[in-house]
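Notes to accompany the following structure.
Nothing in this text is a laboratory measurement; each read-out follows from the coordinates by a stated rule. Predicted model, so just to flag it, every value in this text is computed and none were measured. When we count neighbours, we look across all protein chains shown, and the Cβ atoms used for this are built from the backbone with ideal geometry, even at glycine.
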Amino acid sequence: MAIMSDKWIRQQSQDNHMIEPFVDGQVREGNISYGLSSYGYDARVAPEFKIFTNVNSAVVDPKNFSSESFVDRDTDVCVIPPNSFALARTVEYFRVPKDVLVICLGKSTYARCGIIVNVTPLEPGWEGHVTLEFSNTTPLPAKVYANEGACQFLFLQGNEPCETAYSDRSGKYQGQTGVTLPKL
């Protein structure tokens, strides 16, 4: 496997619409940076948030997840309660080639504020908006800014396409749009 460069990411996005919309270069002025970087792509968070709340004394169950555990907010600034989390999605829609695995890491600006971004790998052949989890590990409310950088995606290309891609096995999160809750 090899990590792919900005040149490869740009070419895949132009030729195969791997990332849409695609920002060719880093945008920084007054923003948490986003766009194409040296060996990755810094994606933005959309202004659509699901903030975790326990007003209904729910139990978090990945096999029977209740949407009542969240408060929905469409906002430019999401305030996450102390020691809580919010779900969001990327502005960008991704189409992962069948010979590529994509790993996501949080932005250092958020990490230095105690905000952890968690995303599972984007498997070969997967496409959709990426659901993001922002965990506020601090005892204080924390802000996340919509339409600004949230995380960096790294593209690892294998020596050959995988035998069975996510799209081949009709994965349950294939083609997701919006913030997508757990499915069984």
Could you run the Karplus curve 6.51 cos²θ - 1.76 cosθ + 1.60 with θ = phi - 60° over region 20-36 and give me ³J(HN,Hα) per residue in whole Hz, x for Gly and Pro?
9, x, 9, 10, 7, x, 7, 9, 10, 2, x, 10, 6, 4, 8, x, 5
Positive end of the charge dipole of the chain (Lys, Arg +1 and Asp, Glu -1 on Cβ, about the Cα centre): tell me which of T138, S67, L105 has its Cα farthest that way.
T138
Suppose the chain between T177 and S38 were pulled fully straight at 0.36 nm per residue; how much longer would it get relative to their current alpha carbon spacing?
47.3 nm
At a Förster radius of 35 Å, what calculated FRET efficiency corresponds to the Cβ-Cβ distance of R73 and Q26, to the nearest 0.05?
0.80
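Scan the chain and report its longest stretch carrying no trypsin sites (Lys or Arg not before Pro) that are both in a DSSP loop and have at most 14 other Cβ atoms within 10 Å.
Working: sites that count: R28, K63, R112, R169, K172, K183.
With a cap of 14 other Cβ atoms within 10 Å, the longest stretch comes to 113-168.
How many percent of Cα pairs in the chain exceed 23 Å?
Numbers: 7065 of 16836 pairs.
Cα-Cα pairs in the chain separated by more than 23 Å: 42 percent.
Could you work out the percent of alpha carbon pairs in region 21-130 separated by over 25 Å, rounded to a whole number?
Numbers: 1791 of 5995 pairs.
Here the tail beyond 25 Å accounts for 30 percent of pairs.
Using 0.36 nm per residue of separation minus the Cα-Cα distance, give me the extension gain between K143 and I116 in nm, one decimal. Don't skip to the end; give the middle numbers.
Details: separation 27, 0.36 × 27 = 9.72 nm, distance 1.20 nm.
Working it through step by step, the gained length comes to 8.5 nm.
Provide M18, M4 in ascending order of the number of other Cβ atoms located within 10 Å of each residue's Cβ, fewest first. Intermediate values should be presented prior to the final figure.
Working: M18 24, M4 20.
So the ranking, lowest neighbour count to highest, is M4, M18.
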Among I115, M1, I32, which residue has its Cα positioned farthest towards the positive end of the charge dipole of the chain, with +1 placed on the Cβ of Lys and Arg, -1 on the Cβ of Asp and Glu, and the dipole taken about the Cα centre?
I115
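Region 88-184: which GluC sites (Glu not before Pro) are DSSP loop and have at most 13 other beta-carbon atoms within 10 angstrom?
Details: sites: E92, E127, E133, E148, E163; in loops: E148, E163.
When the GluC sites (Glu not before Pro) of region 88-184 are filtered for loop state and at most 13 Cβ neighbours within 10 Å, E163 remain.
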If neighbour count is taken as other Cβ atoms inside 10 Å, put I19, I3, I32 in order from fewest to most.
I3, I32, I19
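With 10 angstrom as the radius, rank S57, S167 by how many other C-beta atoms surround their C-beta, starting from the fewest.
On the way: S57 6, S167 17.
Going from least to most buried by this count: S57, S167.
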Reachable lysines, given that their alpha-carbon falls under 26 Å from the alpha-carbon of K183 and they are not under 8 places away in the same chain:
K50, K63, K98, K172
